[in-house]
Amino acid sequence: MERDPLITDSARTFGDVLPDGGALMAIDLGTKTLGTATCDAGWQFATAHKTFPRGKFGRDREALAALIAERSIKGIVLGLPRNMDGSEGPRAQASRAYARNLSEAFNLPVLLWDERWSTASAESAMIGQDFSRKKRAERIDSHAAAIFLQGALDAMVGGVI
């Protein structure tokens, strides 16, 4: 019997199922958009990629499948929107359901990563780089995905979590 792909909250466990490294993709799951970021196969640098309009999972799957094939993605890091006290509300449960869909659709391991403060950090960085308000609105989700992907990479490489 084939084992279901892994869905975990642990960077260490996620890294252990990817012993040979490989490019990863992060997804910042919004109500209207999917912000994506990718990293190199050596897990050094996260880079903002595209922001896609979000629709039903079938449409999302097509856009993500193209990116997965293009970059030879080996695992997915999905933002988990926790409340400030660390608890999980309806948005976190929706992300967990989306993780199950991703895992089933692509047969890839999925790391659920705490995304608190990623959007605020991305916006601050983009303001510092003098992005216009319009450009920030268009790219904020992909930049937020890059921020939490970098956090996950640092934890995996450093073995912190």
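The values are calculated or read from the model by the stated rules, or taken from the named source; none is laboratory data. None of these values were measured; they are calculated from a predicted model. Cβ placement follows ideal geometry from the backbone for every residue including glycine, while neighbour counts extend to all protein chains displayed.
Inside region 31-45, residues that are modelled with pLDDT under 95, surrounded by 20 or more Cβ atoms within 10 Å (Cβ to Cβ) and in contact with a Phe, Trp or Tyr (Cβ under 9 Å, 6 or more places away or on another chain) make up a count of 2.
Tell me yes or no: at least one residue of region 62-69 is outside any helix (DSSP H, G or I) and buried (at least 17 other Cβ atoms within 10 Å of the Cβ).
Within region 62-69, the subset outside any helix (DSSP H, G or I) is none.
No, there is no match, as no residue in region 62-69 is outside any helix (DSSP H, G or I) and buried (at least 17 other Cβ atoms within 10 Å of the Cβ).
Does residue 46 qualify as being of a type in the set (Gly, Ala, Ser) and touching a Cys at 6+ places or on another chain (Cβ under 6 Å)? Step through it out loud before you land on a result.
Values: of a type in the set (Gly, Ala, Ser): yes; touching a Cys at 6+ places or on another chain (Cβ under 6 Å): yes.
Judged against the criteria, residue 46 is a match.
In region 142-158, the residues that are touching a residue at least 60 places away in the same chain (Cβ under 8 Å) reach residues that are part of a helix (DSSP H, G or I) and of a type in the set (Val, Ile, Thr) with C-beta atoms within less than 6 angstrom, at least six apart or across chains, in these pairs: 144/119. Has region 102-110 got at least one residue that is of a type outside the set (D, E, K, R), part of a strand (DSSP E or B) and surrounded by 15 or more Cβ atoms within 10 Å (Cβ to Cβ)? Looking through region 102-110, at least one residue is of a type outside the set (D, E, K, R), part of a strand (DSSP E or B) and surrounded by 15 or more Cβ atoms within 10 Å (Cβ to Cβ).
Selection of first residues in region 54-72 that are touching a residue at least 24 places away in the same chain (Cβ under 8 Å) and of second residues that are in a helix (DSSP H, G or I) and charged (D, E, K, R), restricted to Cβ pairs under 7 Å at least 6 apart or on distinct chains, gives the following pairs, ordered by first then second residue: 54/60.
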